[in-house]
1. Considering each residue of region 44-63, count those that are touching a residue at least 24 places away in the same chain (Cβ under 8 Å) and surrounded by fewer than 14 Cβ atoms within 10 Å (Cβ to Cβ), and give that number.
2. Which of the residues spanning region 69-92 are under 13 Å from the mean Cα position of the chain (by Cα) and surrounded by 14 or more Cβ atoms within 10 Å (Cβ to Cβ)?
3. Can you name every residue in region 29-47 that is in a helix (DSSP H, G or I) and under 13 Å from L86 (Cα atoms)?
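Just so it is clear, none of the values below were taken in a lab; they were calculated from the coordinates. Fair warning: this is a prediction, and the values are worked out from it, not measured in the lab. For neighbour counting, all protein chains shown are included, and Cβ atoms are generated from backbone atoms with ideal geometry for every residue, glycine included.
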Amino acid sequence: MSPRFDKTPMNFKTMAQLDVPQGRNGKHKTIVTKILSDLGQVDQGVALKVPLAGLDGGKEKVRSALNRATHKAGRKVATATDANFLYIWNEG
């Protein structure tokens with residue numbers, strides 16, 4: 001018997017590939033979008049000063065999301081932190 005005719009029950013539901021949502025809208029998309037927008041408007045040598053208190057999930061997760069977004073866009077940015085702020089600036 002061919003595997004094509006094997007009637008093993010499916011474990012998961014199916015849907016048309018065209019209906020599958022594309023792209024990733026993670027929970028940090030809003031803050032990362034705002035940061036990238038502001039970075040596009042500042043001169044070289046100017047850093048953004050983002051309050052840590054306003055970062056949902058903490059600075060590490062926002063840094064990771066920002067890193068993914070900048071690599072995808074081919075942009076180079078650098079970051080630093082102190083007790084209260086995440087600093088972000090364009091490199092090169």
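1. Looking only at that region, the number is 8.
2. Step one: filter region 69-92 for residues under 13 Å from the mean Cα position of the chain (by Cα), giving 69-73.
Scanning region 69-92 gives A69, T70.
3. At the first step, the residues of region 29-47 found to be in a helix (DSSP H, G or I) are 29-39.
Of everything in region 29-47, those that are in a helix (DSSP H, G or I) and under 13 Å from L86 (Cα atoms) turn out to be I31, V32, I35.
For (1) part of a loop (DSSP other than H, G, I, E, B); (2) among the hydroxyl-bearing types (S, T, Y), each residue gets a yes or a no:
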| residue | (1), (2) |
| --- | --- |
| L18 | no, no |
| K27 | yes, no |
| K49 | no, no |
| L66 | no, no |
| A69 | no, no |
| T79 | no, yes |
| I88 | no, no |
